[in-house]
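The values are calculated or read from the model by the stated rules, or taken from the named source; none is laboratory data. These numbers come from a predicted model, not from an experiment. Quick reminder, even Gly has a Cβ in these numbers, built from the backbone with ideal geometry, and neighbours come from all protein chains shown. Surface areas here come from the heavy atoms of the whole protein model, side chains and all, with no ligands, DNA or RNA. Shrake-Rupley method; radii C 1.70, N 1.55, O 1.52, S 1.80 Å.
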Amino acid sequence: MGFLVACKSESKSNAPSKGGGPVEADVVVIKNEKFSYGIEANGSVLANEFVELKPEISGRLVQLKIVEGTHVTEGTLLAKIYDEDLQAQLRKYQAQLEIANKTVERFGKLLEVNGLSQQEYDQAVSVADGLKADIDYTKAQIRKTEIRAPFSGLVGLRNVSPGAYVTQSQVLATLQQVNNLKVDFVLPENQMHYVKNGMMVNLKTAQGKQHQAKVIAIEPQINAGTRNVKVRAIIQGNAEDVIPGSFVVVQIDASSSNGSILIPTNAIIPESRSKKVAVVKDGKIHMQEIETGYRTSDRVVVTKGLNEGDTVAVSAILFLKPGSPIKIKNVVNN
């Protein structure tokens, strides 16, 4: 009943007269103003580089040099799988190649004096080339028996023991690069314009510690299922209290350096697919579509659609139609 009474009261004071006179309404004049506000997002800390150490081939471990919790440099041998069969195969191919090279050398001299045909010489060269390829393949297989650190980092917990038979799917340990930590967080589609590459954001850990991070990348595609966009940042400075996997709250300053345009929330006319406001121009109403951002209990930031100096109606909204005349009753403070 209170709503009906209010509408009836407004209709008496602001409704157009029977003679078709203009509607009386209060307005605000838009101006840029300093308005500090921020948005928050949940983030997860990631190592700068992370890998699960797995063998490329199955076999028995004959060396295991994984020391848990230690720092290793790139290329360090961490584990070795039995390879004597491959080493024997390599020695066999190398011996055969030595004989094949001598044959090619002898056939080459005979070819110069027409002692044999070109076809026989080419066949000898082909045999030597085939053995070189076999040697390269065997060496590649031997390299697969070695698990080396792909980058410098911190070794995690060891999951196997020396002498164990391991398969390609088995994780021997993890290796992480923790000197530079990353933070991944997501923002709703309508808030993605608040972040830019190179900007700084604040981080708050579960223990209440504060850190800063620099945005380095924004996913170029919005997730169609969640309508969120993923953002990645690098933590700046010393962050020894933060470890990979930690939960952090990402705080983003959404304030505009050029000021913000704010209007009362009751000035907005919601529609099914858009939002509009009644802008007064030359004594008449023009419906202007707008886009909004952060809002308080009684005001909302307009991100698109209004400019400084525009006059917007904030009362008698129900009686305002596009092109209809309006009489300004009061200019109220925004």
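What the table below lists for this structure:
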item: Positions within the stretch 253-286 being among the charged types (D, E, K, R) and touching a Gly at 6+ places or on another chain (Cβ under 9 Å), in sequence order; result: 253, 275, 276, 284
item: Condition broken by residue 272, with the remaining ones in (1) out of contact with any strand residue (DSSP E or B) (no Cβ under 8 Å at 6 or more places or on another chain); (2) touching a residue at least 12 places away in the same chain (Cβ under 8 Å) satisfied; result: (2)
item: Residue in the stretch 301-320 that is basic (Lys, Arg) and closer than 20 Å to residue 26 by Cα present; result: no
item: Subset of the stretch 277-327 [farther than 28 Å from residue 188 by Cβ, in contact (Cβ under 8 Å) with a residue 60 or more places away in the chain and open to solvent by 80 Å² or more (accessible area, probe 1.4 Å)]; result: 318, 327
item: Pairs, first within 27 Å of residue 111 (Cα to Cα) in the stretch 125-139, second open to solvent by 60 Å² or more (accessible area, probe 1.4 Å), C-beta under 6 Å, six or more apart; result: 128/101; 131/96
item: Count of residues meeting criterion [over 23 Å from residue 180 (Cα atoms) and in contact (Cβ under 8 Å) with a residue 40 or more places away in the chain] in the stretch 192-228; result: 4
item: Meets criteria (loosely packed, with under 15 Cβ neighbours inside 10 Å and among the charged types (D, E, K, R)) for residue 253; result: no
item: Residue match in the stretch 203-222 (condition: out of contact with any helix residue (DSSP H, G or I) (no Cβ under 9 Å at 6 or more places or on another chain), in a loop (DSSP other than H, G, I, E, B), open to solvent by less than 70 Å² (accessible area, probe 1.4 Å) and modelled with pLDDT under 95); result: yes
item: Lone unmet requirement of (1) modelled with pLDDT of 90 or more; (2) part of a strand (DSSP E or B) for residue 322; result: (2)
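Condition check ((1) over 30 Å from residue 161 (Cβ atoms); (2) touching a Leu at 6+ places or on another chain (Cβ under 7 Å); (3) small (Gly, Ala, Ser)) across all residues:
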{"position": "62", "(1), (2), (3)": "no, no, no"}
{"position": "71", "(1), (2), (3)": "no, yes, no"}
{"position": "105", "(1), (2), (3)": "yes, no, no"}
{"position": "115", "(1), (2), (3)": "yes, no, yes"}
{"position": "129", "(1), (2), (3)": "yes, no, no"}
{"position": "135", "(1), (2), (3)": "yes, yes, no"}
{"position": "141", "(1), (2), (3)": "no, yes, no"}
